[in-house]
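Here the structure is laid out as structure tokens; the discussion comes afterwards.
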Amino acid sequence: MSERVLTIEEMAAGYDNVAVVRDVTMHVDRGEVVALLGPNGAGKTTTLGAISGIVRLFGGSINILGQDVPKLRSAYLVGQWGVVHVPEKRGLFFQLTVEENLKLAPRLESGNTDEAYELFPALKALRNRMAGTLSGGEQQMLALGRGLLAQPDLLMVDEMSLGLAPVIYEELMPLVRKVADETNAAVLLVEQHTDLALAQADRAYVLSHGDLVLQGKASDLLRDRHLIDEAYLGAEALDQDPAVAGSPAADEAEAPGE
Amino acid sequence: METYLQFMLLGLGSGVIFAGLALGLVLTYRASGVVNFAHGAIAMYSTYIFSSLVDDGQYPIPPLPNLLSMIEAVLGWFGIQVDLPDIPPFVQLGDPWSWPMALIGALATAGLLGFLFHYLVFRPLRYQPPLSKVVASVGLMLMLQAAIVVRFSNRPRNVAGLLPQDGVDVLGTTVPADRFYLLAAILVATALLYLVFQRTKFGIKTRAAAENEQFATLLGISADRIAAVNWILAGILAGLVGILAAPITGLNPLNMTLFIIPALGAALVARFQSFWIAVWVGLAIGAGQSLLQIMEIRLPWIPDINLSQGLPLVVIAVAMMARGQVLPSRGAIERGRLPMALPTRIRPRLMTFWILFAAAILIWAPFVWRQATINTLIGAVLALSLIVVTGFSGHISLAQLSLAGIAAFMLSSLATDAGWPFPLAPIFAALVATGFGIVIGVPALRVRGASLAIITLAAGVAIEVFLFKSDGWFAGDSTRHVADPSLFGIEFGPNSPFFFGDGKVPSPAFGLFVLFMFTLAFVAVIRLRQSMLGEQMLALRANERAAAAAGVNVTSIKLAAFGIASFLAGIGGTLTAYKFGTFNMASFGVLGSLSVFAFSYLGGIATVSGSLYAGSLFPESIGTLAFEKLFFPLGRYEAYLAGLFLIVTTLVQPEGIDVFDRRERRRIGWGFVLLWRKATGNPDRTKPDWVERIYPEPKHKKGMRPSPPATVDAATTHEDGGS
Amino acid sequence: MKKIAQLRWLAILAVFALLVAACSSSDGDGGSEDTSASETTATTVAAKDPIRVPAINQEDGVTAFPDEGLAVKAIFDWYNAQGGLDGHPLEFDLCTAGDDPESTQSCAQAIANDDSATFVHSIMVPNSATLFDVMANAEKPILAHNQFDIPDALQPDVYASDPGLLPMATTLMLYTLEDLGLRNIGVVVSDDEVGRGTGDFLGFLVEEYGGTPTIITYDASVADLLPVFSAADLDAIDGIIFVPTSVEDCGPASQALKSLSFDKPILGGDACTAQTYVDSGNVDGWIFVVGTTLLIDGDAGRDQTIAIFDEYGGPPIGGLVAPASMGAYFVIDVLEAAYEAAGNDITAMTEDLIREAALGYTGPLTLGPEVFGCPGVDPFVGLCNTSATVVQLEGDTFNLLTDWYVVDVEPYAALLEG
């Protein structure tokens, strides 16, 4: 049993006073790649934000490496818990150079950025270019490279494929798997491209309207692809599918009539 | 040609001061997104600390709230006299200090001030719109300055020069050595800052946080801590400039505080981004001023209109306008709301009551209250001017009193010198002010927020320097005279006879005239608020692009806002002229504009009735007089408290006293209603409409408990996740 | 929501506590009306009905003259301790004003509207325009106003003991031209209507003597006075006359001149004789024009005044404390004359009597010249005193250099035309 890196129990989180995520329970272990799926507005980004501390937590608990993350924590302490969150917009500073962006990786005392260049040789030539002038793929590499420099215990990537040509993200995706395998980090991946994400993941959770509606092994979900489509449409669709354990339709199927 | 170089070299003294202050301004902005109008005041304050330690070994304590005094006072109301310890104004720290120790003490204070500014004021305001930050910064400036006036009075103080002062011969001219040392110090500081920002991790973090605070947070960078360190650095830098430059400028509460204006100009040209540009432009302004000054003296063909003082600032404004610069945004979410411009309507009966009440006071009350009421009403007219341009339209204008001054001047020229009759003279005078106001409004077409505030401030200084002081086409005495106004043989000035009342000055006739003018202005602004034009102004204030997309003619609405506001300011100016009879143009200076702005914001910048609250805060107005009668005369503390209140208002109630008053009255009223209902056994707990109407605060909605998620497991139908 | 509401009340509470603290701290000085000390003096020595001396002084603001107020108060306290005016104590009824003209107007109106106030002793009131307007309308005379500018000197019904800017600048210039024999003179004046007028006239004087004037105007708000002095081409001139309108300007000016190692004669106005500047050492060797003898070693009036200040809590002498002190003595002299004219009946001391007493007063002035006469020469009605003298600072003593000049003010009228 590998170490549990992230445990979330009954978490509710949101903005101002509205809870976007209402009740999420999930976990990620070391060396695992877990996909977080769901339609737009489901609360995936909010979930990641709640873990890394930029979104307000209304209820429930988050536990990282055995430490209960306090509810009123300062967002910037994320670096201390080995959590790296690569946000939807990549989180790069366009006014800074590639090198300067890399230098900002958390927990990078030495300031030595060589590892990132080893991982992404293409960045080496762009060392002193302003990050804003890079192409989408290059920016994603920079973001990932910076994240990896931090030697994270938990790596969270939000919509890595966003705005990237298929060729590029097909190249980048397997990296995520590689990271989990080689560094034993826990990886939480938010993706719109369901198939691509499931291909690399061990398990997956599906969010819809702030609720967790589906969860399971990636292989199972890939096989029963239609479940995910239904999940995107909402819990009602799932209720009507007898293949889903615990749904009213399944109960009907078990004991028809009665 | 060589002489011109010499002249420019002589401008090194002022240039270095402007450059040093500009450096700190850029540092502050890059680290926290705040344009700190009080930066020069920090320099001044630290220099006073230094002077006090070196001369007397004393450390001044600013006026602080003392709860023990409050207990004393409360007990005093019941006739119990107690004497509890006070906070001493100065702390004697032994003999006069040596200059190195005093320098350390003063710079430590400067750093502390920077930190307190950040932590107590600008950090809480970080998501607020620029208006709040400008106001808070102006408040801090007023407060620091007033604190020094309270503690040190105005006895001239000399600060021993820390740098060698012997003359150095350069290019055939003698320049004291300290200018060069100061220049070297500033250049070194600039280089250091540049290196820190470019090379060190701290600098990179600061730039990152400046670009996008949220992304920085994700990387474990605390934008807050970074800002705090930078504020402390900026404070120390300000202190250093002040102390080293004191022998050049002399030490008084006003100097450094005002030198911030050219420094702001220099920082503005640098877009508050580049240290080097800010420093070079600061030096250039100093050199340029010196050049113009000497040229004016040596070359008789140059017109004597104080070119040296006003021109650099005007040039900056033109340059900024031409480049159309906007201060770089910070990527932080601006969550705060602008002060709400509550809808308003005319309530004829209530208004009639108040008018009659005011008229009664203006006729029969003791003269002190009559004058106070007049001062309040005139102040309210000036406040209405700011309500239109800043409250409704969102443009920060720090030049309103200068516009009032133009009208006052024109009135005295037209009415007294040229014999124009009432009401032609005041109306035309106000129209002249309107013309100037529209010209000032032109930069607003391309520039917003703090940048516009800086430009209007510079414009106010330019008006003061070009028009009010010189022998130019506003020629003549700086003392102006205006006779009592009269129409059809009936006089209604402050000295005019009136059939009722006690026969003392000010005459009720004048009071009623002012009341009449105020009512006209008040109703006009209400109608403006209700009109399409008013809606368009508010739309522009909220979101200029969206408004333009919706078909609002941005240019004409903005200019209309400035035009209407300046006309109101002009009316205020003419009323002021009539009020004094004989007045000096110096009373319409830049500091006055800042005070008018402060009072207007305090009273309520976006609500029409806020003008009355604002008016009552002006000197010798109802608010201040009532306070004096109830408690004690404020005297020197008035400016200090005005500054303090201003800061508190931005933090806690940006709508000002007006809305605060309305809401608290309703809350207290609701409390009574509740009590009454409980007492009479009425179970109804719903709030009546008149309570709910003053913006209900959003309530905290708890998340709902949903059903458990479904789990897929191919092998079993085993339920996972309890219900 | 509750948190914000609590914060609001907390803020209000803090501010209130601050206000109360301000009240009880000693320098906050509860009153703009200060009659306490004179009342105590009244009961201890002089026991008859007091004679009210309504006074105005600007003390609350960036521009403030608290020392000058203290000086006047000390002199009145001493006078009352000597028995007052034939047993009547002088009740020093001071109204303090701030920077804003409204506060000056308020003080003035209080006096104008008060039937028992028959004059006002105006100490240092920069917002003189509004003061004059109110008093003129109330037809009450103003005594001992410190002359700030030409409009001050043009006021009827203002009786000034201080010679003011023009006579003093003229004295200084005449000393330079006649006694020092200099011809190429740099004149540094402030860049406003007053300063320019002064500069123009002084330049005219120099030319009358066949000299070459260089008139330099400086803006008081400028950061550095160095360019101004350098513009004078210091090598070509034989001496500099510096006539500031604002006391603060003395510091930077003296510093600039010192750093330029200007070793020729420097002559300055009396504002620069303030103790701070003497202490700084930067004005050592300067020649000053003064309207009083308060700074001159050996003068009887000076010794008396210093003793008074020591005993009754007066300010450090120097700067504008000198004309303020002379003004206090002048007011006392005028009141004594008015009292006599009123047949020793204080209720008969009307505005007219006081006015006549002032008009008829011909000196000698304590701390001032022997020759003194109101009204001034037309059109400078208020300019009763056109005498000044010249002293030089050596170390920390001022040495008298010459006798009193009596300046002819007729040519000033021409200045007004052009």
Selected residue [within 11 Å of chain B (Cβ to nearest Cβ) and either open to solvent by 20 Å² or more (accessible area, probe 1.4 Å) or under 15 Å from the mean Cα position of the chain (by Cα) (or both)] from C:ASP179, C:ASP157, C:ASP191, C:ASP115: C:ASP115
Hey, B:ALA208 free of Cβ contacts under 8 Å to residues at least 24 places away in the same chain and open to solvent by less than 10 Å² (accessible area, probe 1.4 Å) or not: yes
Subset of the range A:146-167 (residues that are outside any loop (DSSP other than H, G, I, E, B) and either of a type in the set (Ser, Thr, Tyr) or closer than 13 Å to A:THR45 by Cβ (or both)): A:MET156, A:VAL157, A:ASP158
Residues (more than 17 Å from A:VAL34 (Cα to Cα) and away from chain B (no Cβ under 14 Å)) located in the range A:145-181: A:LEU162, A:GLY163, A:LEU164, A:ALA165, A:PRO166, A:VAL167, A:ILE168, A:TYR169, A:GLU170, A:GLU171
Index of the failed condition, B:GLY635 passing every other in (1) in contact (Cβ under 8 Å) with a residue 60 or more places away in the chain; (2) facing chain C (nearest Cβ under 8 Å); (3) buried (at least 23 other Cβ atoms within 10 Å of the Cβ): (1)
Residue match in the range A:78-86 (condition: in contact (Cβ under 8 Å) with a residue 60 or more places away in the chain and either in a helix (DSSP H, G or I) or not assigned by TED's automatic domain parsing to the domain that holds A:LEU155 (or both)): yes
Qualifying residue in the range B:62-75 (condition: more than 10 Å from every other protein chain (Cβ to nearest Cβ), open to solvent by 40 Å² or more (accessible area, probe 1.4 Å) and more than 27 Å from B:THR28 (Cβ to Cβ)): yes
Residue selected from the range A:121-137 under the condition in a helix (DSSP H, G or I) and open to solvent by 50 Å² or more (accessible area, probe 1.4 Å), by the criterion farthest from A:PRO87 (Cα to Cα): A:ALA125
Residue that is within 22 Å of C:ALA274 (Cβ to Cβ), open to solvent by less than 50 Å² (accessible area, probe 1.4 Å) and in contact (Cβ under 8 Å) with a residue 60 or more places away in the chain, where the choices are C:THR386, C:THR366: C:THR366
Selected residue (only one of B:PHE567, B:PHE627 is surrounded by 19 or more Cβ atoms within 10 Å (Cβ to Cβ), assigned to a helix (DSSP H, G or I) and of a type outside the set (Gly, Ala, Ser)): B:PHE567
In the range B:676-691, residue least open to solvent (accessible area, probe 1.4 Å) [restricted to those that are closer than 24 Å to B:ARG663 by Cβ and assigned to a helix (DSSP H, G or I)]: B:VAL691
Spans of strands (runs of 3 or more DSSP E) in the range C:210-288 with at least 1 residues within 9 Å of another protein chain (Cβ to nearest Cβ) and farther than 15 Å from B:ALA246 by Cα: C:212-218
Subset of the range B:88-114 (residues that are within 14 Å of chain C (Cβ to nearest Cβ) and open to solvent by 60 Å² or more (accessible area, probe 1.4 Å)): B:PRO88, B:PRO96
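Each row is one residue, and each column tells you yes or no for (1) open to solvent by less than 20 Å² (accessible area, probe 1.4 Å); (2) of a type in the set (A, V, I, L, M); (3) within 14 Å of chain B (Cβ to nearest Cβ).
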{"position": "C:ARG52", "(1), (2), (3)": "no, no, no"}
{"position": "C:PHE76", "(1), (2), (3)": "yes, no, no"}
{"position": "C:PRO89", "(1), (2), (3)": "yes, no, no"}
{"position": "C:CYS107", "(1), (2), (3)": "yes, no, yes"}
{"position": "C:PHE119", "(1), (2), (3)": "yes, no, no"}
{"position": "C:LYS140", "(1), (2), (3)": "yes, no, yes"}
Unique match (being modelled with pLDDT of 85 or more and over 17 Å from the mean Cα position of the chain (by Cα)) among A:GLN67, A:GLN95: A:GLN95
Filtered residues of the range B:144-196 (kept if touching a Gly at 6+ places or on another chain (Cβ under 9 Å), surrounded by 20 or more Cβ atoms within 10 Å (Cβ to Cβ) and either more than 10 Å from every other protein chain (Cβ to nearest Cβ) or among the β-branched types (Val, Ile, Thr) (or both)): B:LEU144, B:ALA147, B:VAL149, B:VAL150, B:VAL159, B:THR174, B:VAL175, B:LEU182, B:ILE186, B:ALA189, B:LEU193
Residue within the range B:61-79 that is closer than 30 Å to B:ILE316 by Cα and of a type in the set (Val, Ile, Thr) present: no
Residue within the range B:582-590 that is more than 14 Å from chain C (Cβ to nearest Cβ), in a helix (DSSP H, G or I) and crowded, with 18+ Cβ neighbours inside 10 Å present: no
Residues being at the interface with chain A (Cβ under 9 Å from one of its Cβ atoms) and closer than 20 Å to B:PRO124 by Cα - total across the range B:216-243: 7
Matching option when the condition is outside any helix (DSSP H, G or I) and not aromatic (Phe, Trp, Tyr), among B:GLY534, B:GLY551, B:GLY572: B:GLY551
Every residue from the range B:55-98 that is hydroxyl-bearing (Ser, Thr, Tyr) and touching a Gly at 6+ places or on another chain (Cβ under 8 Å): B:TYR59
Candidates A:VAL98, A:VAL34, filtered to the one that is in contact (Cβ under 8 Å) with a residue 40 or more places away in the chain and either within 12 Å of A:LEU188 (Cβ to Cβ) or surrounded by fewer than 23 Cβ atoms within 10 Å (Cβ to Cβ) (or both): A:VAL34
Qualifying residue in the range C:95-107 (condition: within 30 Å of B:ASP502 (Cβ to Cβ), at pLDDT 90 or above and among the β-branched types (Val, Ile, Thr)): yes
All helices (runs of 4 or more DSSP H) inside the range B:394-492 with 3 or more residues being closer than 25 Å to B:LEU512 by Cβ and without any contact (Cβ under 8 Å) to a residue 40 or more places away in the chain: B:424-441
Residue within the range C:223-240 that is in contact with a helix residue (DSSP H, G or I) (Cβ under 8 Å, 6 or more places away or on another chain) and either in contact (Cβ under 8 Å) with a residue 60 or more places away in the chain or over 20 Å from B:PHE7 (Cα atoms) (or both) present: yes
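The values are calculated or read from the model by the stated rules, or taken from the named source; none is laboratory data. Everything quoted here is computed from the prediction, not taken from an experiment. For neighbour counting, all protein chains shown are included, and Cβ atoms are generated from backbone atoms with ideal geometry for every residue, glycine included. Note: areas computed on protein heavy atoms with side chains; ligands, DNA, RNA excluded. Shrake-Rupley method; radii C 1.70, N 1.55, O 1.52, S 1.80 Å.
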